[in-house]
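Read through the structure below, which is laid out as structure tokens, and then see the notes.
No value in this document is a laboratory result; all are computed from the given coordinates. This is a predicted model, so every value here is computed, not measured. Positions of Cβ are backbone-derived with ideal geometry, glycine not excepted, and every protein chain shown enters the neighbour counts.
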Amino acid sequence: MAGGAAMREAWARWVAFTGREMDARPLALVRILACVAILADLLQVGRLGLVSTLFRPAAAGGLSAVQDDAGVLVALSPAWGGPIAYGITLVGLGLAAVGVWTRPALVIGLLAYAQLGHLYPPGDRAIDRILRTVLLVLVASGAHRRYAVTGPRVDRAPAWPADTVRLLLVIVYLSAGLAKLQQQPGWLSLVGTPVLYRVMTDPLAAHVDPVSATSWFPLLRLLGWGTIALELSAPLLFTRFAPLWAIAGVSMHLGIALTMDLGMFSWGMLALYPILFAPLLERRSGP
């Protein structure tokens, strides 16, 4: 009997936790910002004239070598399936961003977006997969009911999608910090060349002049320690200190965007930060 009562109490607590509500605006902002980040990235691909190159097969003059059944649109049109998926992604995520037929548009856009990743795997980066995961979670949230052209507006929405996004961010940042320490212990070194110097002067991805940056060693060492500390402290996102942690996270991603060319990485990650600042919005809107 005691065991049954404990089980019922635990279940009641779980139902109460997952049934919590929150301000719908942070969820809607993540929907909009994540879609905009993806659209800007894909439009850059189009501006550079790379759509046919990346998403068409070698027989049609492209680089895609997909031969399996997962390339559904390619199976329907081997030569043009990739560009068609590109167009569907732009339309679907564009409609989702402005809030027109939001959930169907989001689902269709994400399916086409996943096809692009399948067609050209080297271009399907971690940030692409993170944003696809988050937007799929938002399909089942109330994110389509705020800042949308169509559909009834709501002020409150289930909080569990925000909890899921927060958990994903903790996994991403914590795993990044642990991977840094495992693969390059020099991040914490007091001597030698700071790892952050090598990162920020990488000729393939960075904009910092390697000669000028040699005078920044003390600062770069401190920033490297701060990066590790920030990533390893990501579990704070489960606490009331999440907004303070997020301020440091914004600074880190803006620094990355200014010094490195990593595509939409920084902007895609920052698109998820309205979830972290949600407590501040709740307090500001409260009685």
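Assorted remarks:
- Label corresponding to Rg and Dmax of the Cα atoms in Å when calculated from the structure given, among [x] 22.8, 99; [y] 21.7, 78; [z] 21.7, 73: [z]
- Of PRO235, PRO274, PRO122, the one that fluctuates the most in a GNM where the chain has Cα springs shorter than 10 Å: PRO122
- Pair LEU50, LEU262: separation of 7 Å Cα→Cβ label points (nm): 1.7 nm
- Rounded to the nearest 20 debye, the dipole size of the stretch 119-225 about its Cα centre is 360 debye, using +1 on the Cβ of Lys and Arg and -1 on the Cβ of Asp and Glu.
- Contour minus Cα-Cα distance for SER212 and GLN182 (0.36 nm per residue): 7.9 nm
- Shown for LEU258, LEU42: other C-beta atoms within 10 Å of each C-beta, ranked fewest to most, produce the order LEU258, LEU42.
- Residue list for the stretch 235-249, given a label point 7 angstrom along the Cα-to-Cβ vector of ILE171 and an amide N cut-off under 15 Å: 235
- Highest average first, the peptides 45-55, 111-121, 177-187 ordered by how many other beta carbon atoms sit within 10 Å of their residues are 111-121, 45-55, 177-187.
- Once the Cα-Cα distance is subtracted from the 0.36 nm per residue extended length, the TRP14 to ASP124 segment shows a gain of 36.0 nm.
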